[in-house]
Every structure is written in structure tokens, then in C-alpha cells.
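The values are calculated or read from the model by the stated rules, or taken from the named source; none is laboratory data. Bear in mind that the values here come from a model prediction, so they are computed numbers and not experimental data. Cβ: placed from backbone, ideal geometry, glycine included. Neighbour counts: every protein chain shown.
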Amino acid sequence: AHRNYSRGFTSQALYETGLVFLPGSTDLGTSTIPVGNERPSAKTLEGLYASIGHQPWCVGALFLGDSTTRSPGLEARSSDVGDALDVVNLIGTALGVTFELASATHPAFHPGRYAQVLWGSSVVGRVGELLPSLARAHDLPERVSVCEIDVDAVLLQSDGAPHIAHPISVFPAATQDVSLVVSDSVSAAELAAALREGAGELMESLHLVDDYRGAGIDEGFKSLTFALRFRSSEGTLTQAEATEAKEAGVALAASRHGATLRA
């Protein structure tokens, strides 16, 4: 990224796959390998191999600058952590899994703009926006979003069972939006999980469309807006049925996270 940026490529969307070397707690290498044409002993080779750190196969991506360039009738859009989140979801789709996000802190990431990627109960990756000071230290612009997924860790937990796609419904979907005000300590992933669980099987999908903090929102709180899509496999949903499912999701979000509808 630095090499490209220094050569005038101010908007970038990069990815890489490969082995990531993670040194362990033991010393690396050995000082007992003989010189010349003498073959190392089995014990020496065993110690050498044991000192090699874990090297998982990972996929990483980086975004900086504009994700959409300015053109007639279209304004430029700066890349952000949402682009990195999209990549995480795409990797999950390719692997046949649905990742979850958990708020966390990391010394290299912007506070409040970092999350661990979970598969089951295990952390299999990370996504977020780098600290501006770290980005500047590498001669990059202040806003750099990245993600990384440990593919080996995901596959290790897979049971190998075929992934069965859901049948396509012939009935139309009903769409609605909902804006909820919650404490800054509540992550969008936690709120989305409550909405999905409360709404039940009628909720086909939801995604975050806005994260607002400012005028009209108390200090220490934020407004999260989700686009919801409902669909039934048995018939056409009415707006009243979709609203009932949405309200059930909001009720669970309120009891679990203290969420309130934004006025």
C-alpha cells in the first residue's frame, strides 16, 4: 500500500492470500546445526521443526482513498470500514459460513471502529480502521480500513457437511427500516443479533445502513439504522405482518440492550 501510495495511487483496494508467520513462545531455530556435509541428528532436526511458529493461511484486504470516483452525476465516496466488512461477508459466503462480530480493542486500531470476527466461539479474524497515527507512521492517509481472516481456523472447525442452499421463495419480500438508539458500548452486531432473533423466521436479512452520533442523540449514545427484509415461504406477507415481526425484534433489542426507537 505504501509503495503504491508513494507513486500516486491514492485510492486502493488490495487483497492478499498467503501464510502468516506467528512466532510462538519457543526460541526460533537452533545453534547446533553442524557445518560442512554432516547431516544434522534426528534430535537437532526435531528441535528445529518444533521451533517453527504457526503459519495459518489467511486472506487480508486493505482500503484507502475513494471507493467510488467522481463522475458526471455521481459524487466520490471515500472508502471506510464498511468496505472491509463487505469483504468479511464475501469470504464467509465463499466458505459457506456466517461470521459474527464482537466489539473489542486493539492497539493498532481506532477505538470504536474495530471488531473481532467470530466463527462459533473462536476468533478467526479482525476488521476495522487503523489508528490515524499508525497510518501516518507508514506514510499513508489517516483513514485506512483493513480486514484479515484466518481461513485455516475456519476450515478446522468445519464439520465437512455439504452446505445446503435455502429454496428460493416465489413470494415477494416486505422491506422496512428501523432506527434504534443504544449506548456506545453496544455493537451493531449485538443489536442485529437481537433483532434477528426476536423477529424470527420471517426475517430474511438485515444490514446496517447508518451509524449516527450527533445532534439529537445524547452523549455516549448512537443511532443505528437497519434495513430489514421479511419474506414468507407460504404466502405474500402484509405490511402488518412484517411490522409485527419487526416490533418483536425491537422488543428483544430493548430488553437485552436497552434500545429505544429513535424519534
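Observations
- Residues being in contact (Cβ under 8 Å) with a residue 24 or more places away in the chain and of a type outside the set (Ser, Thr, Tyr) - total across the range 136-181: 28
- Test: residue in the range 167-186 that is buried (at least 19 other Cβ atoms within 10 Å of the Cβ) and not in a strand (DSSP E or B): yes
- Exclusive hit being among the hydrophobic types (A, V, I, L, M, F, W, C) and more than 26 Å from Val117 (Cβ to Cβ), set Phe226, Phe171, Phe221: Phe171
- Residue within the range 129-139 that is out of contact with any helix residue (DSSP H, G or I) (no Cβ under 6 Å at 6 or more places or on another chain), in the same structural domain as Ala13 (by TED's automatic domain parsing), assigned to a strand (DSSP E or B) and farther than 30 Å from Leu261 by Cα present: yes
- Residue within the range 175-191 that is over 22 Å from Ala102 (Cα atoms), touching a strand residue (DSSP E or B) at 6+ places or on another chain (Cβ under 6 Å) and polar (S, T, N, Q) present: yes
- Exclusive hit being more than 24 Å from the chain's Cα centre (by Cα) and part of a helix (DSSP H, G or I), set Ala253, Ala245: Ala245
- If you go through the range 106-119 and keep only what is out of contact with any Asp or Glu (no Cβ under 9 Å at 6 or more places or on another chain) and modelled with pLDDT under 90, you end up with just Pro111.
- Just one of the numbered conditions (1) in contact with a Phe, Trp or Tyr (Cβ under 7 Å, 6 or more places away or on another chain); (2) surrounded by 15 or more Cβ atoms within 10 Å (Cβ to Cβ) is not true of Arg196: (1).
- Taking the range 29-62 as the range and being among the polar types (S, T, N, Q), farther than 30 Å from Arg143 by Cα and surrounded by 12 or more Cβ atoms within 10 Å (Cβ to Cβ) as the test, the residues that pass are Thr30, Ser41, Thr44, Ser51.
Each row is one residue, and each column tells you yes or no for (1) in contact (Cβ under 8 Å) with a residue 60 or more places away in the chain; (2) closer than 18 Å to Arg136 by Cα; (3) not in a helix (DSSP H, G or I).
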site: Asn89; (1), (2), (3): no, no, no
site: Gly92; (1), (2), (3): no, no, no
site: Thr98; (1), (2), (3): no, no, yes
site: Ala102; (1), (2), (3): yes, no, yes
site: Pro107; (1), (2), (3): no, yes, yes
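- Val154 being surrounded by 20 or more Cβ atoms within 10 Å (Cβ to Cβ), under 17 Å from the mean Cα position of the chain (by Cα) and more than 18 Å from Ser79 (Cβ to Cβ): yes
- Test: residue in the range 192-209 that is outside the structural domain of Asp86 (by TED's automatic domain parsing), part of a helix (DSSP H, G or I), within 30 Å of Pro111 (Cβ to Cβ) and touching a residue at least 60 places away in the same chain (Cβ under 8 Å): yes
- Take the conditions (1) at pLDDT below 90; (2) under 30 Å from His54 (Cβ atoms); Val146 misses just one of them, which is (1).
- In a residue-by-residue description of the range 41-62, the property of being in a loop (DSSP other than H, G, I, E, B), modelled with pLDDT of 90 or more and closer than 30 Å to His163 by Cβ applies to at least one position.
- Asp83 assigned to a helix (DSSP H, G or I), within 22 Å of Phe21 (Cβ to Cβ) and of a type outside the set (A, V, I, L, M): no
- Hey, Ser51 without any contact (Cβ under 8 Å) to a residue 40 or more places away in the chain and of a type in the set (Gly, Ala, Ser) or not: yes
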